[in-house]
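First comes the structure, then the notes that go with it.
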Amino acid sequence: MILVQLNHTSKSISNLQQWFSNFSIRQNNLEVTRPRVIPRAPPALLRPQLCWRGAERGAEQAPRLPAGPARGGARPRVLSQVKRSSWPGRRLRRSQEARGRTCRGSFASSLCCWCRCWSPRAACLYVPWNFHEPQPGQYQFSEDHDVEHFIQLAHELTLLVILRPGPYICAEWEMGGLPAWLLQKEGIILRSSDPDYLEAVDKWLGVILPKMKPFLYQNGGPIITVQVENEYGSYFTCDYDYLRFLQKSFRYHLGNDVILFTTDGVYKDLPHCGTLQGLYSTVDFGPGANITDAFLLQRKYEPKGPLINSEFYTGWLDHWGQPHSTVTTEAVVSSLHDILAHGANVNLYMFIGGTNFAYWNGANIPYQAQPTSYDYDAPLSEAGDLTKKYFAVRDVIQKFQKVPEGPIPPSTPKFAYGKVTLRKIRTVNESLNVLCPTGPVKSLYPLTFIQVKQYFGFVLYRTTLPHDCSDPTPLSSSFGGVHDRAYVSVNGVPQGILSRRDEISLNITGKAGDALDLLVENMGRVNYGNFMNDYKGLISNLTLNSSILTDWMIFPLDTETGVYHLGDWHGNDSRCHDKAYAQSSSNYTLPAFYVGNFSIPSEIPDLPQDTFIKFSGWTKGQVWINGFNLGRYWPERGPQMTLFVPQHILVTSAPNTIIVLELERAPCNDDCPKLCTVEFVDKPVISEAVTYSRLSHL
């Protein structure tokens, strides 16, 4: 079976049907009837049939559903995965994988069309827990969070679904999909039988799984199998009681007929801690792996049943300050051919690139944050553009099964709206009444983001200098105590930056009693490995010339609400907001908001269209368009130079408002006549050569 991975945090789905319609593969061990389109609440009597044929698995039979005739006698092999990252972004696999938050509106239909041009049998869907429960007990399942609608849409397009609800999903997603509020329980051991963790997981599964049950294949829906956890063998806890708890919970909510499975890497016997009797064991690997050895490892834990590569990597992820990752088309198609020649099932991760909108990107250790783009060098780009790899993969699939005939839909249209002038409206300090209307939290020592219940974005830490620093005096964070990046100023004079890795000390100047401000940015929590208890903010004391600083005022900043008020602010921007800048010896400006507007003519047909925003001359920051948090930009580091702007956030009925929060250095200042501009272009730049040499400073 060929699968594609999608994320229900993807963009739009009408071309999705055409993409998919030209792909289809057979599998010796799976037989499936074509599912029927079901209403929103599918009747339980509709029972399309799936038969997973396998001999005995030790003393028990391989997972089995009621037998039924295969569609046209074919047996599926290539699946597509749908991953959820950011609704307007995208991701897919073979099964094909894409990000659910990437697929929405007309793009989602186009995405399905592109996928069907490969004829995959299924789409794999990640469901990030933290995307649906941002606060304990507060659930979001409407609009961009409507996972049920996404599954229904896939079903109407005759795609089967492989559900991956976690609770941990990895996916280069903030904290691997786990909610940051879990860290309020000090000492909690994530992904284990820790009682506090299990209590939260139990409540979450009790919400999400009953919503999924009507969409099970046995109930007339498209979900043919459900993954339990994700690559658990790679995690240090190796807690079989935890896996048994999950197995029991999934069975309780979904019933005994659904096939539950696990997936693990093929190195160092990782499935040893990731598998459990009663959960079907699969493996994942990319081009270059020894395919025979990989499937022998699966056979060690799953003696009978279909061979499955549940994540075949068509590309790879990026980090800020490092070159854009690519995997050659030749390597991908060669390995894919060999996998299919083994008679195995394969899920393409990713089929289409995605976007980590807002603050949803993850990070790796040693700490390296991932950028806004999740293009992944996938067969379909982040913006839905056909690539050489797309056609090459389709050619491989045609060697094993006939693919649908007919034209392949073209890449989605893009439009260059041109340059837009921005004006500075306020610094962050001047906006505190809007960004933190309840006022600061006071504490003798610094508190973390979690302790002030701020899970994303920014927190401003403020204290006063205890003595004169007429000569440069070292301000230091011991043990890498700034998570992740702090923009430092004294009495409104920029001083420089402290960061999580090497920039742990900074010389500052000022007078006794001057305000010392540190605007601390959470650049994304670790999503993989043993260090996901990733606390943000000032996680240890700061010292000034070796003396601990105390008496802090801590401002949690609500940027999402604040940008609406800032966008409506029409103050006199000609005044000098930071006159002290001229006295600063640093190369930085104070973090500040900039606003601009542009109109899209309503009389031009087919507008608005997708576009890309370019930040020439800007340094690092965050951008919102019409209140939608597009994500982070950092052209000084790269490799990403443009951000994808999906057409559905743009309007023709009124001017479009852009708000930029520049954190380090804007291309203009109050004393400079040069205008601050951004530019909308019709081609992305995500692979600019990296010129910054101190990569460890990320």
Extending each Cα 7 Å along its Cβ direction at Val685 and Asn545, get the distance between those two points in nm, one decimal.
4.5 nm
Compute the distribution of all C-alpha to C-alpha distances in region 438-557, in bins of 10 Å from 0, and list the percent of pairs in each, rounded to whole numbers.
14, 49, 29, 6, 1
Residues whose modelled amide H sits under 5 Å from the amide H of Phe593, counting only those 5 or more places away in sequence or on another chain, are Ile425, Arg426, Thr427, Val428
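For a quick protection proxy, order the peptides 353-364, 433-444, 488-499 by their average other-Cβ count within 10 Å, most packed first. The partial results should precede the final answer.
Values: 353-364: 28.0, 433-444: 14.1, 488-499: 21.6.
Taking the mean over residues of other Cβ atoms within 10 Å, the ranking is 353-364, 488-499, 433-444.
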Under Karplus coefficients 6.51, -1.76 and 1.60, residue-wise ³J(HN,Hα) of region 206-212 in Hz, glycine/proline x:
x, 9, 6, 5, x, 5, 8
Return the aspartates and glutamates within reach of Lys442: Cα separation strictly under 20 angstrom, same-chain partners fewer than 8 residues apart disregarded; answer none if there are no such residues.
Glu430, Asp514, Asp517, Glu521, Asp551, Asp558
With every protein chain in place, region 438-557: carbon and sulfur % of accessible area (1.4 Å)
52 percent
Please list the non-local residues whose amide H lies under 5 Å from the amide H of Asn656, H modeled 1.01 Å from N, same-chain partners needing a gap of 5 or more.
Phe598, Ser599, Ile600
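Report the gain in length on full extension from Thr292 to Cys238: 0.36 nm times residue separation, minus Cα-Cα distance, nm rounded to one decimal. Provide the component values of the computation, followed by the final result.
On the way: separation 54, 0.36 × 54 = 19.44 nm, distance 2.62 nm.
Stretched out fully, the Thr292 to Cys238 stretch lengthens by 16.8 nm.
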Over region 438-557, with neighbouring protein chains present, the accessible area per residue in Å² at probe 1.4 Å is 37 Å²
Per residue solvent-accessible surface (Å²) - region 274-380, probe of 1.4 Å:
27 Å²
Interchain or sequence-distant (5+) residues whose placed amide H lies within less than 5 Å of the amide H of Gln227 are Leu163, Arg164, Phe261
Starting with the highest mean, order 597-607, 169-179, 225-235 by the number of other Cβ atoms within 10 Å, averaged over the residues of each peptide.
169-179, 225-235, 597-607
Among the aspartates and glutamates, which fall within straight-line cross-link reach of Lys683, defined as a Cα-Cα distance under 15 Å, with same-chain neighbours fewer than 8 residues apart omitted?
Asp375, Glu382, Asp385, Asp610
Taking 7 Å along the Cα-to-C-beta vector as the label spot, tell me the Glu186-Glu143 distance in nanometres, rounded to one decimal.
3.7 nm
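Express in nm, to one decimal, how much length is gained between Asp196 and Glu330 on full extension, taking 0.36 nm for each residue of separation and deducting their alpha carbon distance. Before the final figure, lay out each step's value.
Numbers: separation 134, 0.36 × 134 = 48.24 nm, distance 4.75 nm.
Stretched out fully, the Asp196 to Glu330 stretch lengthens by 43.5 nm.
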Through the Karplus equation 6.51 cos²θ - 1.76 cosθ + 1.60, θ set to phi - 60°, convert the phi angles of region 649-655 into ³J(HN,Hα) values in whole Hz; use x for Gly and Pro.
8, 9, 9, 10, 7, 7, x
Looking only at lysines whose Cα falls under 24 Å of Lys402's and that sit 8 or more positions away or on another chain, we get Lys388, Lys389
Extension gain (nm, one decimal) between Val207 and Lys300, 0.36 nm per residue minus Cα-Cα
30.0 nm
Distance histogram in 10 Å bins (all Cα pairs of region 116-400, percent per bin)
6, 27, 38, 25, 4, 0
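In what order, largest first, do Arg485, Arg394, Arg665 sit by accessible area if the probe radius is 1.4 Å? Mind showing how you got there, number by number?
Details: Arg485 5, Arg394 35, Arg665 75 Å².
The ranking, largest first, comes out as Arg665, Arg394, Arg485.
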Would you kindly derive the ³J(HN,Hα) couplings of region 524-541 from the backbone phi angles with the Karplus curve 6.51 cos²θ - 1.76 cosθ + 1.60 (θ = phi - 60°), listing them in order in whole Hz, with x for Gly and Pro?
x, 7, 4, 10, 8, x, 8, 10, 7, 6, 9, 6, 10, x, 8, 8, 8, 5
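What FRET efficiency comes out for the pair His337/Ser505, r = Cβ-Cβ distance, R0 = 41 Å, nearest 0.05?
Values: r = 53 Å, r/R0 = 1.30.
Result of the calculation: an efficiency of 0.15.
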The local net charge around Tyr252, scoring Lys/Arg +1 and Asp/Glu -1 for residues other than Tyr252 whose Cβ lies under 15 Å from its Cβ, equals +4
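The values are calculated or read from the model by the stated rules, or taken from the named source; none is laboratory data. Here the structure is a predicted model, which means the values were calculated and not measured. Ideal geometry is used to build each Cβ from the backbone, glycine not excepted, and the neighbour counts take in all protein chains shown. SASA here: full protein model, heavy atoms, side chains in, ligands and nucleic acids out. Shrake-Rupley method; radii C 1.70, N 1.55, O 1.52, S 1.80 Å.
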